[in-house]
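The structure under discussion appears below in the form of structure tokens.
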Amino acid sequence: MKNQKKVGISLRVENIEKYNEKRDAISQDWIKFCNFAELMPILIPNNLKNTKEFLESLNLDMLIFSGGDNIGDNIERDKTEKNMMEFAIKNKIPSLGVCRGMQVINKFFDGSIEEEENLIHVRNLHDVTLVNNKIISLIKKNTLKVNSFHNNIITNSNLGKDIEPFAITEHDKTVEGFFHKTLPIVGLMWHPERDSSYENQIIVKNIFSKKLFWNK
């Protein structure tokens, strides 16, 4: 526990009609994944008075922008994650965006999101092709079978500034994984917390060291 890396994780917002209240929430899968990967999860609330000041006090090793909901569904979450991204960039904190979190990263760097007309990415396992030699060398394979729960997609034509893909869906060539060219920021459209595979652990752990894509 003493030597575990501290990971700040953003939370989704749920409207609980029964009690007429909003609640910050996160899947227990993230906590299980952190336990499995020997990471210490620290949850980031959405209604803090000063998110950046809160983050400063935590001495975090990494930030995770979690999935769930669409951008624009809840202004509090959008604002919190924008503050998290600005804090990560200023302090060069390794960051991972998952599903919605990957979309947040892409939009932050002036990219855009498309809505898929069919449901081919919803609740489907599918193959992705790895197109970056460093990650291929790291996990010793050039394809992965990943889970998929999203209806929003990112293509090569709507990637944000200085964003480079490393994983492409085989069936429709959409971007399933990317990294920033100069900052330690990675996006995954699949959910590593729902599949504690060796490959997912390797990807997450190597973001800490900033060696996944950025060592020249």
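A few notes on this one:
- When the inverse distances between all different Cα atoms of the chain are averaged and flipped, the Kirkwood radius reads 17.4 angstrom.
- Protection-proxy order for peptides 3-10, 200-207, each taking the mean of Cβ atoms within 10 Å per residue, highest first: 200-207, 3-10
- Distant-in-sequence amide contacts of GLU176, defined by a placed amide H-H separation under 5 Å and a gap of 5 or more residues or a different chain, comprise ALA167, ILE168, THR169.
- Taking amide H as placed 1.01 Å from N in the peptide plane, LEU43 has its amide H under 5 Å from the amide H of ILE9, each at least 5 places away in sequence or on another chain.
- Percent antiparallel among DSSP beta bridges (both partners in the chain, rounded to 5): 60 percent
- Contact order relative to length of the range 5-209, as percent, for alpha carbon pairs under 8 angstrom and 6 or more apart: 20 percent
- Dipole-positive endmost among ASN124, ASN59, ASN20 within the chain (Cβ charges, Cα centre): ASN59
- Restricting the calculation to Cα atoms, every distinct pair contributes to the Kirkwood radius of the range 126-169, found to be 11.7 Å.
Laboratory data are not the source of any read-out in this text; all were calculated from the coordinates shown. Quick caveat: nothing in here was measured; it's all calculated off a predicted structure. In this analysis, Cβ positions are derived from the backbone assuming ideal geometry, glycine residues included, and neighbour counts consider all displayed protein chains.
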